[in-house]
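Structure first, then comments.
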Amino acid sequence: MSLVVILVFCGLSAGVIGRIKGGSFLLWFAIGFCLPVLGTVAAVLYRYEQDELLRRCPECSAVIPLHDQVCMRCGVNLDWPDEVLQRPARTP
């Protein structure tokens, strides 16, 4: 019984940290539940989704993350962009 409580709390901690960083709560909860301490450490070390640079697709003008090589909207293969876009600041 105490093991289940520890697993749930590790899952909750990883889920909350992952959600704060912009990820999915359920995904990080599952990772934290299955890998109790490692899941929470991974959530802490994971990058912030809000800090990713963006670029515009030349074919369909979709705004996508800079590290994507293929546009998820139209499927065109992308070269390195001449200009990058900053993600707009979030308002509380």
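Read-outs: derived from the displayed coordinates by stated rules, not from any lab. Fair warning: this is a prediction, and the values are worked out from it, not measured in the lab. Every residue, glycine as well, gets a Cβ built from its backbone with ideal geometry; the counts of neighbours run over all protein chains shown.
Could you work out how far helix 25-34 tilts from the main Cα principal axis of the chain, as a 0 to 90 degree angle to the nearest 10?
Rounded to the nearest ten degrees, it is 50.
For the chain, find the longest principal axis of its Cα atoms and tell me its angle to the long axis of helix 36-45, 0 to 90°, nearest 10.
So the inclination is approximately 30 degrees.
Counting only helical runs of four or more DSSP H residues, what would the 222 nm mean residue ellipticity of the chain come to if each run contributes -39,500 (n - 2.57) and the total is spread over all its residues? Present the calculation step by step, with values, prior to reporting the outcome.
Working: 3 runs with 39 residues, N = 92.
Using -39500 (n - 2.57) per qualifying helix, the result is -13500 deg cm²/dmol.
Please work out the FRET efficiency for the pair ASP82 and VAL5, using the Cβ-Cβ distance as r and a Förster radius of 35 Å; give the result to the nearest 0.05. Walk me through the numbers before you get to the answer.
Numbers: r = 54 Å, r/R0 = 1.53.
That gives a FRET efficiency of 0.05.
Just to confirm the number: angle between the C-alpha axis of helix 2-20 and the first principal axis of the chain, 0 to 90 degrees, nearest 10?
Value to nearest ten degrees: 20.
Report which label in (i) 136; (ii) 91; (iii) 119 holds the value of volume of the Cα convex hull per residue in Å³ derived from the coordinates of this structure.
Correct label, based on the coordinates given: (iii).
Can you list, by residue number, the Cys in the chain that have no neighbouring cysteine C-beta under 4.7 Å?
Within the chain, the cysteines lacking a partner Cβ under 4.7 Å are CYS10, CYS34.
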